[in-house]
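The values are calculated or read from the model by the stated rules, or taken from the named source; none is laboratory data. As the structure is a prediction and not an experimental result, all values here were calculated from the model. Here the Cβ positions follow ideal geometry from the backbone for every residue, glycine too, while neighbour counts run over all protein chains shown. In case anyone asks, the SASA skips ligands and DNA or RNA and just uses the protein heavy atoms, side chains included. Shrake-Rupley method; radii C 1.70, N 1.55, O 1.52, S 1.80 Å.
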Amino acid sequence: MELIQELRVLQTGVQILAGFLLTLPFQARFPSLDAFQKGLYLADVSLAALTTAVILLPVSVHRRLFRQHLKAALVASADNITKFALGGVGLLSVGSAALVFDVTAGRAAGLTAGGVLLAVLLVLLVYVPARLNREAAKRAGAGDSAA
């Protein structure tokens, strides 16, 4: 149930970003974007579509394997897929922020914003969970040796 809730949050975030991206070509200023900006835009749209597909994958797998007594395999695969989807959402956030900053404040601001956000997301999505996992393992190991 917790994994399903996490996927719902991810899906909502991707839908909002994708919706934002899909409106851009219909704005008056869009034709004035340079090649880099249009390339970044297309990469973001592609990443949004792929991330949406990845988020839908656990639902498809679950529907296929439902009632086959494979709950552990389903949960493990959904966990791995969700981690991959988190990466997609993170990259989509970086690309979208870089595009907005690039268009509104210039290339240097766009690259800086994208780089800073990438660094922050790496800390939040990779380092912090890994550290918490190590600390939990240490506590579990200390609990085992005390018993």
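Test of understanding: among 89, 75, which residue is in contact (Cβ under 8 Å) with a residue 40 or more places away in the chain, closer than 17 Å to residue 7 by Cβ, among the β-branched types (Val, Ile, Thr) and exposed (fewer than 15 other Cβ atoms within 10 Å of the Cβ)?
Testing whether each residue is in contact (Cβ under 8 Å) with a residue 40 or more places away in the chain, closer than 17 Å to residue 7 by Cβ, among the β-branched types (Val, Ile, Thr) and exposed (fewer than 15 other Cβ atoms within 10 Å of the Cβ) leaves just 75.
List the pairs whose first member sits in region 29-41 and is in contact (Cβ under 8 Å) with a residue 12 or more places away in the chain and open to solvent by 30 Å² or more (accessible area, probe 1.4 Å), whose second member is assigned to a helix (DSSP H, G or I) and among the hydrophobic types (A, V, I, L, M, F, W, C), and whose Cβ atoms are under 6 Å apart, counting only residues at least 6 apart or on separate chains?
The qualifying pairs are 40/99.
Tally up the residues in region 92-109 that are surrounded by 15 or more Cβ atoms within 10 Å (Cβ to Cβ) and in contact (Cβ under 8 Å) with a residue 24 or more places away in the chain, please.
Total meeting the criteria: 9.
Scanning region 1-16 for residues that are closer than 18 Å to residue 53 by Cα, hydrophobic (A, V, I, L, M, F, W, C) and more than 11 Å from the chain's Cα centre (by Cα), which turns out surrounded by the most Cβ atoms within 10 Å (Cβ to Cβ)?
3
Any residue at all in region 28-40 that is modelled with pLDDT of 90 or more and under 17 Å from the mean Cα position of the chain (by Cα)?
Yes, because at least one residue in region 28-40 is modelled with pLDDT of 90 or more and under 17 Å from the mean Cα position of the chain (by Cα).
Are any residues in region 42-55 open to solvent by less than 90 Å² (accessible area, probe 1.4 Å) and touching a residue at least 24 places away in the same chain (Cβ under 8 Å), and if so, which ones?
43, 44, 45, 47, 48, 49, 51, 52, 54, 55
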